[in-house]
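Data first, discussion second: the structure below is written as structure tokens.
Please treat every number below as a calculation from the coordinates, not as lab data. Everything numeric in this text was worked out from a predicted model, so none of it was measured. Cβ sites come from the backbone with ideal geometry, for glycine too, and all protein chains shown count toward neighbours.
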Amino acid sequence: MRTRIIGVAVWASVLAIVLFGVPLGIGVYQYAMQVQHNELARTAAGVAIRVAEDVSDGERFRDVDRPGPTLVTVYDDDGDRLAGPGPREGGPEVARALAGRVGTDTDGDELVAVVPVTYENEVIGAVWATTPRNAVLQRVAPVWVAMAVLAALALAAAGLVGRRQARRLARPLEDLAVAARRLGEGDFSVRTTPGGVAEIDSVGSALDHTAGRLDDLLARERAFSADASHQLRTPLAGLRMRLEAALEFPDQDLRGAIAASLVDADRLEATIEELLALAHDRQAARADRIDLRDLLGEMSPEWRGRLELQGRGLGLHVEPGAPDPRASVAAVRQVLAVLVDNATAHGAGTVTVTVREVPDAVAIDVSDEGAGVHESEGVLFARRADRRNGHGIGLALARRLAEAEDGRLELTRRTPPIFTLLLPQAVGDTAALRPLTGVAVADAPG
């Protein structure tokens, strides 16, 4: 590309020089020819004035030789040579001069000028002056040399400008190639530097946008892997416990254990599908009115079964007149699963799920009778996949899912702990569907 740009610049300069320089050089030559003819005519006219009396008296002529390459010849009114080195008899040019006309012409390699000799208003002869054409070339040659030097300088300048322009255009493209290669190798942090060319910068901006989207996609896929592993760990543990319990008592009827395991497998499959949907941001398209009574009734058997294994209970309370929220069922299911799992793993006593109404929102409180939470919310909801003895990445996932549904997830009481999920009410006016950034949480039930 650099070579082509420099070549285009040089060839454009050559074309411009040929189109303008050649006609200009020819014009200079023609101008010099005209100047030389005029000088010859003036020389001949001066000689004609000086020898007019001699031609009229027929006396001996004064010297008509001129210094330099110019030759002068005098003819009488019959066209015969009187003096000078010219032809003995004058040609057509002398005849025209004897008729009273001044003439200039080119005879082979000679420039010729002929003027009449007059005396008392009568043409009595003619003066013929000539000089070699080389005299004109000697005058024009320096001009042509100067023009050639200027043309060479112009070509050199065009080459330098073309080289600079080629560098200016090629460097951003080379940077784009390097960035594209790095992007193809998996480096999604690559960003291009604007080169000052709008078209190339637009390509770089598109590449940066693509790299950013790929980086976000990869981060989301990695987050999904971590979220999925966290969310699937509990159902898998329950399924494993059922199968191990069946192995402990091989003489009993295994039909019930197999049926319960199939139910757990179905729930596990549903959880995987929901996580896949949430990972690809499709939950917003399915946001709809949620009947929390049905949802809690569907999820409570699993929660109750796991709590009974620890000798603990589950309480579900839905306040009368509590409205239904508008959100994705998959997202709400996963948030509640995280909160109840968190209370099961790190809490104590009865786990209580309460649904109540707050201004412009629906609140779902998940509480237990444990010692409480002593960490700050910034640490509690931080995504740290390597945190094995604390609350893990589940709460970070739950808060992200809640915010994706224009809701909020907060720790509303530390001891005993209460986590509150706020969701928009499913009502007809658009005001109830706005993000819950300004909703005040009422006192959670204690």
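At a Förster distance of 51 Å, what's the computed FRET efficiency of ARG213 paired with GLN165, Cβ-Cβ distance as r, to 0.05? For ARG213 and GLN165, the calculated efficiency is 0.95.
Tell me, what is the FRET efficiency for TRP11 and ARG42 to the nearest 0.05, using R0 = 41 angstrom and their Cβ-Cβ distance as r? Mind dumping the intermediate values first?
Values: r = 46 Å, r/R0 = 1.12.
So the FRET efficiency works out to roughly 0.35.
Think of the stretch 2-144 as having a plus end and a minus end, set by charges on the Cβ of Lys, Arg, Asp and Glu; of PRO69, GLN138, VAL112, GLN138 sits farthest toward the positive end of this dipole. Using the Cβ of ALA126 as centre and a radius below 15 Å, the other residues enclosed give a net charge of -4, where K and R count +1 and D and E count -1. Distance between the 7 Å Cα→Cβ label points at ASN121 and LEU19: 5.8 nm. Computed from the C-beta positions of GLN310 and VAL178, the FRET efficiency with R₀ = 56 Å rounds to 0.45.
A full extension of the chain between ASP78 and THR193 corresponds to an added length of 32.4 nm, given 0.36 nm per residue minus the alpha carbon distance.
Tell me, TYR75, TYR119 in order of fewest to most beta-carbon neighbours within 10 Å?
Working: TYR75 28, TYR119 16.
Lowest count first: TYR119, TYR75.
Label separation (VAL145 vs SER205): 5.7 nm, computed from points 7 Å beyond Cα along the C-beta direction.
Placing a pseudo-label 7 Å from each Cα along the Cα-to-Cβ vector at ALA237 and THR415 gives an inter-label distance of 2.6 nm.
When each of the peptides 324-337, 165-178 is scored by how many other beta carbons lie within 10 Å of its residues on average, the order from highest to lowest is 324-337, 165-178. Based on C-alpha pairs under 8 angstrom that are at least 6 apart in sequence, the stretch 32-154 has a relative contact order of 28 percent. In plain terms, the chain from ASP57 to ALA259 could stretch by 57.5 nm, reckoned as 0.36 nm per residue minus the Cα-Cα distance. Residue order for PHE188, PHE20, fewest other beta carbons within 10 angstrom first, comes to PHE20, PHE188.
Sort the following peptides by mean Cβ neighbour count (other Cβ atoms within 10 Å, averaged over residues), highest first: 112-118, 98-104, 350-356.
Working: 112-118: 24.9, 98-104: 15.9, 350-356: 20.0.
Top of the packing list down: 112-118, 350-356, 98-104.
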